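K.L.:
Below is one structure. I have some questions about it.
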Amino acid sequence: MPMNDHHISLQQQKTEILQKMAQIPAIIRGKITSQTYVTKGRPQGPYHTLQRWDQGQNKSQRIPSHQLPMIQEAVCGYEQFQQLADQFVGLTEKQTWEAQPDDIKKKLHKFLWQPFPKPVPSSKKRASK
């Protein structure tokens, strides 16, 4: 494949990623946790909280059960956005390296053509903990 065709292909892939990002209907950063507590010897809950880091602090807020489905969808939207952003960065980095002169490519060969790690879906991250 000639270099121009390959470049166009990378550019098309980036455009598709940006279009997918724009189609995400809702985004909320953070993760949802389920918690219970014991009061007067009886378990209470579960109740759900939304947690996230904000300005170096872990912020946590209870989620009313009627809002849980919407917030879960928005948290998944953020995870999807992050995965797409990682793909976009990988493609842009590849374009950047390909545009460099051969002498620079030779000097920096250990950074070139390394496979980009596939992001692990957060559902798998949670299952492995």
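K.L.:
Tell me which residues, restricted to the range 48-89, are small (Gly, Ala, Ser) and under 15 Å from the mean Cα position of the chain (by Cα).
P.N.:
Of everything in the range 48-89, those that are small (Gly, Ala, Ser) and under 15 Å from the mean Cα position of the chain (by Cα) turn out to be ALA74, GLY77, ALA85.
K.L.:
Can you tell me which residue is modelled with the lowest pLDDT among those in the range 42-74 that are touching a Gly at 6+ places or on another chain (Cβ under 6 Å) and either exposed (fewer than 12 other Cβ atoms within 10 Å of the Cβ) or of a type outside the set (S, T, N, Q) (or both)?
P.N.:
ARG52
This table checks each residue for (1) of a type in the set (A, V, I, L, M, F, W, C); (2) in contact with a Leu (Cβ under 6 Å, 6 or more places away or on another chain).
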{"residue": "VAL38", "(1), (2)": "yes, no"}
{"residue": "GLN51", "(1), (2)": "no, no"}
{"residue": "VAL75", "(1), (2)": "yes, no"}
{"residue": "LEU91", "(1), (2)": "yes, yes"}
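K.L.:
I've got another one for you. Give the residue that is modelled with the lowest pLDDT, with candidates limited to residues of the range 93-129 that are among the aliphatic types (A, V, I, L, M) and in a helix (DSSP H, G or I).
P.N.:
Among those residues, the one meeting the criterion is ALA127.
K.L.:
Oh, and also: When the range 9-41 is examined, which residues are found to be loosely packed, with under 13 Cβ neighbours inside 10 Å and either in contact with a Lys or Arg (Cβ under 6 Å, 6 or more places away or on another chain) or hydroxyl-bearing (Ser, Thr, Tyr) (or both)?
P.N.:
SER9, THR15, SER34, THR36, TYR37, THR39
K.L.:
Here's something else I'd like to know. Which ones in the range 25-75 are among the small types (Gly, Ala, Ser) and in contact (Cβ under 8 Å) with a residue 40 or more places away in the chain?
P.N.:
If the condition is that a residue be among the small types (Gly, Ala, Ser) and in contact (Cβ under 8 Å) with a residue 40 or more places away in the chain, then ALA26, GLY30, ALA74 are the ones that fit.
The values are calculated or read from the model by the stated rules, or taken from the named source; none is laboratory data. Note that the structure is predicted; figures quoted are calculated from it, not measured. No Cβ is skipped: glycine too gets one built from the backbone with ideal geometry, and neighbour counts run over all protein chains shown.
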